[in-house]
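Heads up: the structure comes next, in structure tokens.
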């Protein structure tokens, strides 16, 4: 009886490998693809994942060569600092997108958290920070509950939350900013402080990404996040409590947005009701550019780091160039995003056609 | 005359699962009406019945996907009440469904251990996961790489992984729902080996299939359901196939003399009629490697072959649904280079896909709109759709095909499978096609509607339409076709005509590549 | 094997409710809102207010009609706000050459963006949300560039100003435009093959293709249509303001449009569309905004209420399954 099979595209481990590209003998129902297209498919798949890294390297090289001010520690640290808060938001967005969903409310939640933290700052740093984070987590969890229990699409739920939270932020503050009290100096330190020369927001973002990476790769919860995005119904039938995973994911997104909001409030010295406007789109752009697919189930935290850095450095190059008006920057950003996504889409189709 | 052998008596000693008096209702209709079912340790127990008989409902209750409205279930003598699939899985009752319910972007190992990943210091232990998976696969005799992405494996291998997962979950009862519907013959053999091994280990298996050969090859007993009721449980060794069919259909043995399909009474092949369609050396990637066939006016050409043999690809290449790499198509002597379905439609070819839900119906649109979708260009005058004419056509075809629905404005997704298929057929018939390509026209349809559709196809051929009929149901091919072309691996391997058409010769051709007594096309005058 | 399982008959009230259909539900909500306001909000039930609401509504309605078609194909167009700004900018810089040059150019600009969107969605198979996100970003920048790099260009042409401020008898021009557009759109959706093709492409593109429906062409067309209507809306808005304020025109327009469409009963996943529903949805949103304004409740609470209505409407629409 014939038991030969084809090996898949992952690294071979333990099991006896069949020679790559060899067809199953006497196949009645599956003829293996010949060598060349399969190699191309694997290259395409890798390029799609690593493409962002390549782009990042190219862009950095270009920047270093053209602008002497680029490759300096102050500039680079600046870039990191400016993008660290977006990075936190993008991390949360990554997890949501991995489950096949989307979170349009992050910008508004960020503002709410900043206002709550500033509002509670009279009671000291701990209370203020916890309050802000709790607000974000709760709003995120509410998103998750509406999505799973009321079975409304994530796009709509988070859209509504975006509108409602922004409204609440504007309404509660009378459209004024809320000053951060001196009693909560810690918050100011979060936004403006440095440790060994590195801005605190950067450290926070780095820490968050590290934790996020470990969680996604090495915890059951992380595996369930991927499962939910891969095929939620199958995951349910396999016994996973998909709803709980989804609620947790949206809560985490809210929590991270809140984190960014608190840090931003610290940096600005006040919580502002208009903070975070448009950040959801920037976060989505960073996640997509990094290589994570909107359809869910594929991608990861590493890709998002690359995406955030890539977009941040391009913005930095625009500034260094000096002559590009903010308007043209907007145009270029949009064109770049489109270009990247088209290339990714082609690569992904090539990869799956022969895989 | 001959009555089926007496039903099997209870044998208490090694019953692992007992279900008694199971009742399940849906919106007032009774899906299961006091059904009993017992399963013994180490047996392979077939569950058969036509669509709508209640098989999948019973299985879903067994595995916790549905809750029962009445009756009792005992597992190993203890009463159980599964509220979710997780409950059933925890108790060792596991289902492997027809559609692969696994995660295609994750590896084999991840899929096997999903939900119970081995951990070290709270974190997932990848090394152990791979090692344990490798051991498991080896024990089951499967040569699959644990690190392979599931989606990259063949359907057969994915199914094996699903079964391996069930085994690793400690399945005491394994339910296999149509396990071979996507497998090639060689892969079926692998599955049988696996089943026998599990049997030897004491696992009880419930096997759902409509393929009698398999049932008789691997199962010990069979339970027959009809219209939600238990007809009986028998040992397969003492039940003739014809008797089994009779039990399933509720017919007496002599009623089946005429044949089991609606094609009974098909006219002889239209000899000497001009070829309506001539396809030569069709090629497309790996799937089509040189298929040629021709269809004459008034004949039904059956196309047989296993999954992956290129039947659907042939049809789609002719219809222009997929671009072809090589070969030619002539309709009525004129060349046709169809790059989109529109080109083929203009040449009066129609195509009914095998995937009714995915490629057939537009679910939110009404019966009327679905029926006239392809005909819209002809129903349009000065940019506006002619409603009166549309109504006329819809009424005419609804009557002719006996489409049952509350009104033509009902959403098509609310109709039964059989009625949906009729609407799809009507969509093409109202275009007055010359050639009708049908891909599995009666799949997933209850037996009454099946016969109606088969009779309709027969009638259409009688009026001069050429029909190319792809089917996996051998009875359909045997009784309906004037000629049968058999494909394998994207190529022709046989053409059968007249008295040579039989289930055996078709199976032989599919398996061995040449029918026992096929007449090679080249020798034909 | 698939069996269509009939829905369990809901309790009497629920059955009546679902017989209304999602648009019916929205209509009831609208009636309730208007009635409540007529009682509790001073000056609400006055002709002046009636025209006021219609006026405010026109711009949103134009964009929402286009959005309805796009959503019906299963897509979404986030770039409409930027397209509004672009067309306003194009009009502002070409208006000296006369309206017969400026208006068509402005609308053509909108259609060009739509064409770009449609091409990427259908031929390059990129997800609509990402494509239109990119054009949203690029478009806003482009509008500023066209606007002589971020200047605020005023427009004095009386013909142009008539768009947003003129009247034909008692009827404001923009209300007339919106009404005509809605009527044409209803005709397009109901009585032409194109309307069926849009729904088929959104309901089941694979099946539609096999039935000979020109799916790609249809998808591109709806985005072009959306661009055209957004262009019109931009012109009306610029006319109202008397200037091309590239930073302000169309900000948030996409959200209002999506909200109107969704509340009205069109499915976000595509395959089913109701223009009447969109009108009702847009009216609901506008009534809320106006009444909150008149009651002197801060705008922010109006936002919160809008969000609630959106959620509620979508919740009512979800397909019932056993």
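Quick notes on this one:
- The packing ranking, built from the mean of other Cβ atoms within 10 Å per residue, places the peptides B:444-450, B:103-109 in the order B:103-109, B:444-450, highest first.
- Comparing C:64, C:269, C:46 in a Gaussian network model of chain C, where Cα atoms under 10 Å apart are tied by springs, the biggest mean-square fluctuation is seen for C:46.
- Relative contact order (percent, whole number), chain B, Cα cutoff 8 Å, 6+ residue spacing: 15
- Chain B: angle of helix B:185-200 to the longest principal axis, Cα-based, in degrees nearest 10: 20
- Separation of alpha-carbon centers, the stretch A:78-100 and the stretch B:16-39, rounded to whole Å: 52
- From most to least packed by mean Cβ count within 10 Å, the peptides A:53-65, A:113-125, C:113-125, B:30-42 give A:113-125, C:113-125, B:30-42, A:53-65.
- Shielding by partners for peptide C:265-276, expressed as the average number of C-beta atoms from other protein chains within 10 Å of each residue's C-beta, is 2.
- MRE, 222 nm, helices only [DSSP H, n ≥ 4, -39500 (n - 2.57), over chain C, to nearest 500]: -24500 deg cm²/dmol
- Most to least packed among A:328-337, A:171-180 [average Cβ atoms within 10 Å]: A:328-337, A:171-180
- Antiparallel DSSP beta bridges within the protein assembly as shown, as percent of all bridges there, nearest 5: 60
- Degrees between helix B:155-168 axis and first principal axis of chain B (Cα, 0 to 90, nearest 10): 20
- Taken as Cα centroids, the stretch C:35-78 and the stretch B:459-483 sit 57 Å apart, rounded to the nearest whole angstrom.
- Acute angle (nearest 10 degrees) that the helix B:503-512 long axis makes with the longest principal axis of chain B, alpha-carbon atoms: 80
- Distance from the alpha carbon centroid of the stretch C:98-122 to that of the stretch C:147-210 works out to 13 angstrom.
- Three-way shape call for the stretch A:84-300 based on the alpha-carbon gyration tensor, with the a/c threshold at 1.5: prolate
- Value of [θ]222 nm, deg cm²/dmol, for chain B, DSSP H segments ≥ 4, -39500 (n - 2.57) each, nearest 500: -9500 deg cm²/dmol
- Taking every C-alpha pair closer than 8 Å and separated by at least 6 residues, the mean separation divided by the residue count of the stretch B:361-432 gives a relative contact order of 50 percent.
- Average partner coverage of B:120-132, which counts Cβ from other chains inside 10 Å: 2
- With contacts taken as Cα pairs under 8 Å and at least 6 residues apart, chain C reaches a relative contact order of 33 percent.
- Exercise: per-residue mean of other protein chain Cβ atoms within 10 Å, B:410-423: 1
Read-outs throughout are calculated quantities, based only on the coordinates presented, and are distinct from any laboratory measurement. Predicted, not measured: the structure shown is a model, and the values here were computed from it. Please note: Cβ atoms are built from the backbone with ideal geometry, for glycine as well, and neighbour counts cover all protein chains shown.
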